[in-house]
1. Exactly one condition in (1) within 15 Å of residue 141 (Cβ to Cβ); (2) free of Cβ contacts under 8 Å to residues at least 60 places away in the same chain is false for residue 119; which is it?
2. Would you be able to say whether some residue in region 102-109 is modelled with pLDDT of 95 or more, of a type in the set (A, V, I, L, M, F, W, C) and surrounded by fewer than 18 Cβ atoms within 10 Å (Cβ to Cβ)?
3. Please go through region 166-191 and pick out each residue that is assigned to a helix (DSSP H, G or I) and either in contact (Cβ under 8 Å) with a residue 60 or more places away in the chain or touching a helix residue (DSSP H, G or I) at 6+ places or on another chain (Cβ under 7 Å) (or both).
4. Please give the helices (runs of 4 or more DSSP H) falling wholly within region 1-101 in which 1 or more residues are at pLDDT below 95 and more than 20 Å from residue 224 (Cα to Cα).
5. Looking at (1) touching a helix residue (DSSP H, G or I) at 6+ places or on another chain (Cβ under 7 Å); (2) of a type outside the set (Phe, Trp, Tyr); (3) crowded, with 20+ Cβ neighbours inside 10 Å; (4) assigned to a helix (DSSP H, G or I), which is the only condition residue 147 fails?
6. Go through region 171-215 and count every residue that is closer than 24 Å to residue 52 by Cβ, modelled with pLDDT of 95 or more and among the hydroxyl-bearing types (Ser, Thr, Tyr).
7. If you scan region 192-203, which residues turn out to be outside any helix (DSSP H, G or I) and surrounded by 15 or more Cβ atoms within 10 Å (Cβ to Cβ)?
8. Could you say which residue among 130, 124 is touching a strand residue (DSSP E or B) at 6+ places or on another chain (Cβ under 8 Å) and either small (Gly, Ala, Ser) or without any contact (Cβ under 8 Å) to a residue 40 or more places away in the chain (or both)?
Amino acid sequence: MARKIAVATTVRCMSGCCDPSGYPEVFDKKTAARDVRSFLDKGLDSTAKPMVEALRSRGMEGSTVLEVGTGAGAALATMLEAGATGAVGIDISPHYVRAARLLMSDRGHEEKVAWHIGDFVAMAESLEPADVVFLNRVVCCYPNMVDMVDAAKGSTTRLLAMAYPRKRWSTRIVFGLINTWARIRRNTFRVFVHDPESIRRRVGSPDFEEVASGTTVLWHWKVWERTAGSR
């Protein structure tokens with residue numbers, strides 16, 4: 001018999017900043033199940049894998065983790081298995097949180113993770129800072145880059161890992177098609193190609209030092225470490 005995990009569906013969202021109503025339709029039960037299968041069959045995706053490896057190289061043993069946009073929980077499970085001792089997982093889709101909680105239960109991490117559904121920016125000040133903050137392909141789903149990046153870097157005491165779109169014609173075509181599909185479906189979900197240089201400067205020195213980076217066809221990924229005395 002399939003197991004069921006109840007998940008509260010209360011969503012906190014900043015007024016005028018995002019409309020969460022379309023997100024669960026895009027990140028639905030079927031998509032969550034597909035993402036779990038992909039992780040179990042193939043491992044982490046092309047941005048999460050090198051980011052987690054870079055974090056491990058900086059030392060994750062005994063760390064706490066905050067992941068914004070957990071998806072089906074693949075990266076969070078991997079970071080716990082790399083030595084993190086506790087985590088907070090946040091996603092705007094209740095379907096993804098439900099799938100992630102089942103994955104954590106299957107891998108013996110159920111008691112290590114506290115879950116929240118909603119807009120991370122709206123709840124950031126109420127959360128305890130974590131040693132590691134992780135955002136894989138999340139900034140692109142939020143209209144206000146400044147608020148999202150500021151909330152993320154303000155929530156880490158040590159390491160910040162982030163993947164976001166490259167500013168290329170191919171990325172704009174792909175994202176344009178996604179947004180056109182959403183408009184046709186009368187869905188409020190949108191994706192955004194925020195300027196990568198503006199993101200880099202927003203995190204930037206003197207508070208953070210870039211310690212790892214890479215690219216794929218569509219994505220930049222970077223890991224920053226907080227400089228001594230910056231918090």
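1. (2)
2. Checking region 102-109: not a single residue is modelled with pLDDT of 95 or more, of a type in the set (A, V, I, L, M, F, W, C) and surrounded by fewer than 18 Cβ atoms within 10 Å (Cβ to Cβ).
3. Residue satisfying the conditions is 182 alone.
4. It comes to 23-26, 29-42.
5. (3)
6. Qualifying residue count for the region: 2.
7. 192, 193, 194
8. Testing whether each residue is touching a strand residue (DSSP E or B) at 6+ places or on another chain (Cβ under 8 Å) and either small (Gly, Ala, Ser) or without any contact (Cβ under 8 Å) to a residue 40 or more places away in the chain (or both) leaves just 130.
The values are calculated or read from the model by the stated rules, or taken from the named source; none is laboratory data. Since this is a predicted model, take the numbers as computed values, not measurements. FYI the Cβ positions are ideal-geometry reconstructions off the backbone, even for glycines, and counts take in every protein chain you see.
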